[in-house]
1. Run down Gly201, Gly150 and say which single residue is of a type in the set (Gly, Ala, Ser) and in contact (Cβ under 8 Å) with a residue 24 or more places away in the chain.
2. I'd like the residue in region 213-241 that is hydrophobic (A, V, I, L, M, F, W, C) and surrounded by fewer than 21 Cβ atoms within 10 Å (Cβ to Cβ) and, out of all such residues, is farthest from the chain's Cα centre (by Cα).
3. Can you tell me which residues in region 112-142 are near ligand 1 (Cβ under 9 Å from one of its atoms) and farther than 18 Å from Pro250 by Cα?
4. Report those strands (runs of 3 or more DSSP E) wholly inside region 249-327 carrying at least 2 residues which are over 18 Å from the mean Cα position of the chain (by Cα) and loosely packed, with under 13 Cβ neighbours inside 10 Å.
5. Would a scan of region 101-122 turn up a residue that is in contact with a strand residue (DSSP E or B) (Cβ under 8 Å, 6 or more places away or on another chain) and within 14 Å of ligand 2 (Cβ to nearest atom)?
6. Could you check how many residues of region 138-150 are within 15 Å of ligand 2 (Cβ to nearest atom) and open to solvent by less than 60 Å² (accessible area, probe 1.4 Å)?
7. Counting only residues that are surrounded by fewer than 24 Cβ atoms within 10 Å (Cβ to Cβ) and assigned to a loop (DSSP other than H, G, I, E, B), how many does region 81-91 have?
8. Take the residues of region 51-108 that are farther than 21 Å from Arg187 by Cβ and of a type in the set (Gly, Ala, Ser): which is nearest to ligand 1 (Cβ to nearest atom)?
Amino acid sequence: MVSEGKKRRMTGDDNMKTFLITGGAGFIGSHFCEFLLDKGNRVICVDNFLTSSPKNIGHLKKNKDFRFIEQDVVKPFDIDEKIDYVLHLACPPSPIDFVKMPIKILEIGSFGTYNVLELAKKKKAVFLLASTSEVYGDPLVHPQPETYWGNVNPVGPRGCYDEAKRFSEALTMAYHRFYRLDTKIVRIFNTYGPRMRLDDGRVVPAFITQALAGKPLTVFGDGSQTRSFCYVTDLVDGIYRLALSKINDPVNIGNPNEMKVIDFAEKIVSITGSRSRITFKPLPVDDPKIRQPDITKARKELGWEPKIGLDEGLGKTIEYFKNNPKK
Ligand code: NAD
Ligand code: UDP
């Protein structure tokens, strides 16, 4: 089958759009680059590999519509070509990162988002911010609609990330209102899939690597806290629809299939056929007790719905982890 990209090149289609994607070498970013190239767009990937590996985009480098620029978004930068869309994904996402680099995260959410917004303004491009369900903190409303303002502890260990994203959202809306920049905000809920970092401490890579190694699965607290897991290609499709939409308010993208962490651990043990047992560790401070996206808005206004079920998505993810064992 000939991809959209090849078709456009063969027919000299000048309708090709250029997307700049910060954090494009990361887990979500690398899937996004693939998706955009496959749709026949030009992609400029900006990353400094702070939390990712060049391997994630190695297969894209031979594509003539793909350009990589090694750059820390905390430092101002310019691009010598036209850009239609700027997708700002660069940011360390995992609770382990919150401990290792809290100040860097706050710099990325403030100076970084400012620099990327300035670039979008200069290029008259549409700007999309990758925000997070963490802006709802430890939520008191369930499931979480976009209208909920959240319950965030600004001075707790997750505050560096939550407030960096909340500041990024505020800055994005200020550019929209003050400069009339066409901006979008996606609030991403827990997403998983191939190319997650094996050692980033998030629950999906943690449980899969533990199960595959026959080691105990480390459930934090009693495991009664809930999460809802979205497969990465569903997420990318939702964000793409948002980028092309006329919506400027935040939109939740995630899978509403909510489950307890303990049940998730048992599922991983069963699906991997592992003999691992489950061990309990202290619950991290401010770990949200419940989380489930209300996706009414995405359904109605983007016609979006996640398609990949948990078993199918975990199957693909486990396959990836088997083929890319920890060195
Ligand atoms: P990731 O760590 O795989 O990707 C982040 C990418 O940003 C990495 O390639 C990293 O090197 C790059 N980066 C970080 N700081 C940078 C800087 N200063 N300059 C340039 N590049 C930089 O994480 P991910 O899970 O793919 O997350 C992508 C985005 O989605 C993040 O903004 C994250 O906050 C958001 N998000 C992710 C999830 C999830 O479940 N994966 C949930 C909510 C929000
Ligand atoms: N978790 C766990 N064991 C682990 C890693 C995480 O029980 O080894 C729990 C964590 O306490 C949280 C949930 O799994 O309740 C999801 O954690 P993750 O770090 O993936 O993302 P979060 O949603 O907390 O940002």
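1. Numbers: Gly150 fails: in contact (Cβ under 8 Å) with a residue 24 or more places away in the chain.
From the options Gly201, Gly150, the qualifying one is Gly201.
2. Taking region 213-241 and keeping what is hydrophobic (A, V, I, L, M, F, W, C), we get 213, 217, 219-220, 229-230, 232, 235-236, 239.
Those still in the list that are surrounded by fewer than 21 Cβ atoms within 10 Å (Cβ to Cβ) too: 213, 220.
Details: Ala213: 27, Phe220: 23 Å.
Per the stated criteria, the residue is Ala213.
3. Listed by number, the list holds a single entry, Gly112.
4. Working: elements: 250-253, 258-260, 278-281.
The strands (runs of 3 or more DSSP E) meeting that bar are 278-281.
5. Looking for residues that are in contact with a strand residue (DSSP E or B) (Cβ under 8 Å, 6 or more places away or on another chain) and within 14 Å of ligand 2 (Cβ to nearest atom), one finds none in region 101-122, hence no.
6. Of all residues in region 138-150, those within 15 Å of ligand 2 (Cβ to nearest atom) come to 138-139, 142-144, 150.
From what is left, the residues that are open to solvent by less than 60 Å² (accessible area, probe 1.4 Å) are 138-139, 143-144, 150.
Total satisfying the criteria: 5.
7. Narrowing region 81-91 to residues surrounded by fewer than 24 Cβ atoms within 10 Å (Cβ to Cβ): 81-85.
Checking which are assigned to a loop (DSSP other than H, G, I, E, B) leaves us with 81-84.
Counting residues in region 81-91 that are surrounded by fewer than 24 Cβ atoms within 10 Å (Cβ to Cβ) and assigned to a loop (DSSP other than H, G, I, E, B) gives 4.
8. Ser52
The values are calculated or read from the model by the stated rules, or taken from the named source; none is laboratory data. Just so we're clear, the structure is a prediction, and the values are computed from it rather than from any experiment. With ideal geometry, Cβ positions are generated from the backbone for all residues, glycine too; neighbour counts draw on all protein chains shown. Note: accessible area is taken over every heavy atom of the protein model, side chains too, but ligands, DNA and RNA are not part of it. Shrake-Rupley method; radii C 1.70, N 1.55, O 1.52, S 1.80 Å.
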